[in-house]
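Please treat every number below as a calculation from the coordinates, not as lab data. What you see is a predicted model, and the numbers here were worked out from it, not measured in a lab. Note that each Cβ is placed from the backbone with ideal geometry, even for glycine, and that neighbours are counted across all protein chains shown.
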Amino acid sequence: MFTRRYFIKLTAAAAVAVGIGLPSGALAETAIKFTLDWKFEGPAAGFLLAADKGYFKEEGLDVTIDTGNGSVEAIPRVATGTYQMGFGDINSLIKFLDEDPPQKVKAVMMVYERPTFAVVGRKSLGVTEDPKSLEGKTLGAPPPDGAFAQWKAFKEAAGIDDSKITIESIGFPVREPMLAKGDVDAVFGFAFSVILNLKAQGIGDDDIATILMAENGLNLYGNAVLVNTDFAAENPEAVKGFLRALAKGFADAVANPEEGVAAVLKRNETLNTDIEVERLNMANAMNIKTPYVVENGFGDVDMERLGASIETLKVSMGLKGDVKADQVFDPSFLPAKEERMLP
């Protein structure tokens, strides 16, 4: 027989099952595995602050952040669903979708509004901030490097005559040491990585010449937040909440770089605080808090510009298909503009 006590217990259990009358914090959080593009370094501060300051939790999310092995590798990690979300190069994403359009991955928030792609050389070896100073020089290029991948389009955009330029294939570990020793005159890479690694080799600021591709005719975007499209379709509010939390995290990393680097060092104690603060400040100035972002807010893109960048990638990356901007970037999960303004 059903007793009154049994009925009360049954009713209470049903209430728990559907969350009736319970505070939101008692409900199950949505789990999100997130992959970075690289190691825990200064530029990752915005992601880590969003976790450490409880912004993800406030959105009902249980977020795990893992390191990556390059901004290209993050793309298949998300496309396969191994990670629900990640951080990777949007140009490599365009190439990925060009080769296999049905892949389940899209960009939903732009982080590096200008890409970090650069050629970094030494003034004492005849390299200046003028791209044409590379003519007649030997350039070190790691084959999988994202900046080197844009060389074909960049030399065309910057009007560089490469007939007397020697490209030497080198590995990432020897890139800055070779430049420091003068074995090459300049190298390809992410600006904030090469410059600080070069300084660690004993090369002073006054001998470093940085040629940013974005400032010399190559109008591309950089790294963006990616999402698995099946996960986004099933959990749209979770994706929106993730991006709201991230906007707060990046705003904090811009406002207080030291706090951001402290969050990084909690996860990688081998780093030098001063170097990582400098690295984060460089990323903020060159790639994150750009003039476009100051005016339009963090995270969005100009779809016409993204479409034009796809045309550029037909030159640099040999795109074979007809990928459209709206197949690559979906702005519908972004917070309102006023929630995305950086301090």
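Its Cα centre serving as origin, the chain has a Cβ charge dipole (Lys and Arg +1, Asp and Glu -1) of approximately 1040 debye.
Hydrodynamic analysis of the chain uses the Kirkwood radius over alpha carbon pairs. Inserted into Stokes-Einstein at 20 °C and 1.002 mPa s, it gives a translational diffusion coefficient of 100 µm²/s. Separation of the alpha carbons by more than 21 angstrom is noted, of Lys289/Lys324; Lys132/Lys155; Lys152/Lys199; Lys106/Lys320; Lys39/Lys104, for Lys289/Lys324; Lys152/Lys199; Lys39/Lys104. Quick one: check the C-alpha center-to-center distance for the stretch 186-226 versus the stretch 126-156, whole angstrom. With the stretch 186-226 and the stretch 126-156 each reduced to a Cα centre, they are spaced 11 Å.
In plain terms, the residue of Glu311, Glu135 with the fewest other Cβ atoms within 10 Å comes first and the most crowded comes last, giving Glu311, Glu135. Relative contact order of the stretch 117-215: 47 percent, from C-alpha pairs under 8 Å at least 6 residues apart in sequence. Per-residue Cβ neighbour counts within 10 Å put Arg305, Arg267 in the sequence Arg305, Arg267, beginning with the fewest. Against the chain, whose longest principal axis is taken from its Cα atoms, helix 303-316 shows a tilt of about 50°. Within the stretch 117-215, DSSP assigns beta bridges of which about 60% are antiparallel (rounded to the nearest 5).
With angles folded into 0 to 90 degrees, how steeply does helix 273-283 sit against the dominant principal axis of the chain? Use alpha carbons for both and round to 10. For 273-283 against the chain, the angle is about 80 degrees. With respect to the chain, whose longest principal axis is taken over its alpha-carbon atoms, helix 191-200 is tilted by about 70°.
Under 14 Å of direct C-alpha separation, and excluding same-chain neighbours fewer than eight residues apart, Lys266 reaches these aspartates and glutamates: Glu41, Asp52, Asp66, Glu258, Glu276. Here the sum of -39500 (n - 2.57) over DSSP H runs of 4 or more residues, divided by the residues of the chain, equals -11500 deg cm²/dmol at 222 nm, to the nearest 500.
What share of the DSSP beta bridges in the chain is antiparallel, in percent to the nearest 5?
60
Counting every other Cβ atom within 10 Å of each residue's Cβ, Tyr83, Tyr292, Tyr55 order from fewest to most as Tyr292, Tyr55, Tyr83. Springs join every pair of Cα atoms under 10 Å in this Gaussian network model of the chain, and among Ala31, Ala141, Ala79 the largest mean-square fluctuation is at Ala31. A simple count of charges around Ile160, restricted to other residues whose Cβ falls under 12 Å of its Cβ and scoring Lys, Arg +1 and Asp, Glu -1, yields 0.
Evaluate the stretch 117-215: find the radius of gyration of its Cα atoms, find its Kirkwood radius, and give the ratio Rg to Rh. Don't jump to the answer; show the numbers that get you there.
Values: Rg = 11.8 Å, Rh = 12.9 Å.
Answer for the stretch 117-215: 0.91.
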